[in-house]
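Peer 1: Next up is a structure, given as structure tokens.
The values are calculated or read from the model by the stated rules, or taken from the named source; none is laboratory data. Here the structure is a predicted model, which is why all the values come from computation and not from measurement. Methodologically, a virtual Cβ is constructed for each residue, glycine included, from the backbone with ideal geometry; neighbour enumeration extends over all protein chains shown. Just so you know, the surface numbers come from the protein's heavy atoms only, side chains and all, with ligands and any DNA or RNA stripped out. Shrake-Rupley method; radii C 1.70, N 1.55, O 1.52, S 1.80 Å.
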Amino acid sequence: MNDTPQPGSSRRRFLKTSLICSAAAASAGSLLPQLASAAQPLGLRYPDNAVQVLDDSFLQLRLFNASVEKLADGLRWAEGPVWFGDGRYLLVSDIPNNRIMRWDEISQSLAVYRQPSNYANGLVRDTQGRLIACEGSTTQELGRRITRTEHDGRITVLADKFEGKRFNSPNDVVVKRDGSVWFTDPPFQTGNFYEGYKIEPELPHGVYRIDGENGQVTRVAEDLGGPNGLCFSPDEKTLYIVEGRAKPNRLVWAYAVNDDGTLGQRRKHIEATDTGALDGIKCDEFGNLWCGWGSNGSPQSEPEKLDGVRVFNTEGKAIGHIALPERCANLCFGGEKGNRLFMASSHAIYSIFVNARGATLV
């Protein structure tokens, strides 16, 4: 075999290699504008003025050199974020657009994950890492149910009725370590054609539990006006539930969780005074509650002073506030180390690194 280079072959190899390198550089260059515009801080000063200390104890949770960052926008009403650490992506419901969106940490891009989503609202992962979704309205004959997406992509319906009656609009969901699925069912998505379809509710406002072994559905609470966000304490002995239509002020109740899957006595944990309003909530590893926060819609309210995330300690005292340019509906902890707070806020997704991790990491 003759290995002697033929006339012109070196030049052809050079040109071929140059074209390949140029294409690779062009491809990489095409990412630069996208990456440069991703995760843009709302402010450049450290500490971030948006991270407001209401009590000195919050200083232990704040990172001095971490900013509130805007990750993506173009949504109509962002809800129910959930982090998939094994895939390094975040799922967020965009309810009016009837879709679930996926924000990818590697590419810093936002794309459609599922559409239609049956107007999905709250999202969570179960103990096996599968997606659990509150489908809050109806797409033709489907919806108003709790579903699980299997690892092969199949969708399993966990519950769509209670005592023969269809749910109103499942809103938020949490999974206990024993595999049981707990969710709220207010009528929020039943009264308009914006987040679903108008229907006449069949059930009272309720909170439900799906047994992790036999799938039996039980109602654990029905004395709340508009039950909304919910989460467990780190030891799962307390279940916090937002009463979204409590009067005169919206509330967070702390329920004792019994060993048999029922709820015991409750106590008032948080009251949203001064026209404040709660939505989704998450508990960190220390027992603090991080709450989606905004205005209750009253004419005298000042949303620009309320919108964001309000943080409460284990005694129910407000210790910190993360101000955002729009109302935060829901939030979750995620990121590589579990210390990145993702905030689904009306039209956009925001994040900030904090000195705390979520109470549960799946």
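Peer 1: Largest first, what is the accessible-area ranking of Thr218, Thr190 with a 1.4 Å probe?
Peer 2: Thr218, Thr190
Peer 1: Any chance you could give the angle, 0 to 90 degrees and rounded to 10, that helix 9-37 forms with the longest Cα principal axis of the chain?
Peer 2: The answer is roughly 20 degrees.
Peer 1: Could you tell me which of the pairs Lys70/Lys176; Lys247/Lys317; Lys198/Lys247; Lys165/Lys282; Lys70/Lys282 are separated by over 23 angstrom between their Cα atoms in the structure shown?
Peer 2: With Cα atoms farther than 23 Å apart: Lys70/Lys176; Lys198/Lys247; Lys165/Lys282.
Peer 1: Pop out the ³J(HN,Hα) list for segment 56-71 in order, Karplus 6.51 cos²θ - 1.76 cosθ + 1.60 with θ = phi - 60°, rounded to Hz; leave Gly and Pro as x.
Peer 2: Calculated HN-Hα couplings, in order: 4, 5, 5, 4, 6, 9, 7, 9, 4, 10, 10, 10, 5, 10, 8, 9 Hz.
Peer 1: Moving on to the next point. Which distance in Å, rounded to a whole number, links the C-alpha centroids of segment 148-169 and segment 311-342?
Peer 2: Centre-to-centre distance over Cα atoms comes out at 29 Å.
Peer 1: Moving to a separate point now. So which GluC sites (Glu not before Pro) in segment 149-198 pass both tests, a DSSP loop state and at most 10 other Cβ atoms within 10 Å of the Cβ?
Peer 2: The qualifying sites are Glu163.
Peer 1: Oh, and also: Once a ≥ b ≥ c are taken as the square roots of the eigenvalues of the Cα gyration tensor of segment 136-276, is the result rounded (a/c under 1.5), prolate (a/b larger than b/c) or oblate (a/b not larger than b/c)?
Peer 2: oblate
Peer 1: For every helix of n ≥ 4 consecutive DSSP H residues, a contribution of -39,500 (n - 2.57) applies; sum these over the chain, divide by its total residues, and give [θ] at 222 nm rounded to the nearest 500 deg cm²/dmol.
Peer 2: After summing the helix terms and dividing by the residues of the chain, the value is -3000 deg cm²/dmol.
Peer 1: One quarter of the convex hull surface, Cα atoms only: what value does that give for the chain in nm²?
Peer 2: That works out to 24.4 nm², a quarter of the Cα hull's surface.
Peer 1: What would the Debye equation give as log₁₀ I(q)/I(0) for segment 56-144 at q = 0.13, 0.15 Å⁻¹, counting only Cα atoms as equal point scatterers?
Peer 2: Those come out to -0.51, -0.64, one per q.
Peer 1: For segment 106-115, take each phi angle, set θ = phi - 60°, evaluate the Karplus expression 6.51 cos²θ - 1.76 cosθ + 1.60, and give the result in whole Hz per residue in order, putting x for glycine and proline.
Peer 2: Taking θ as phi minus 60°, the curve returns 6, 8, 6, 10, 10, 8, 6, 8, 8, 8 Hz for segment 106-115.
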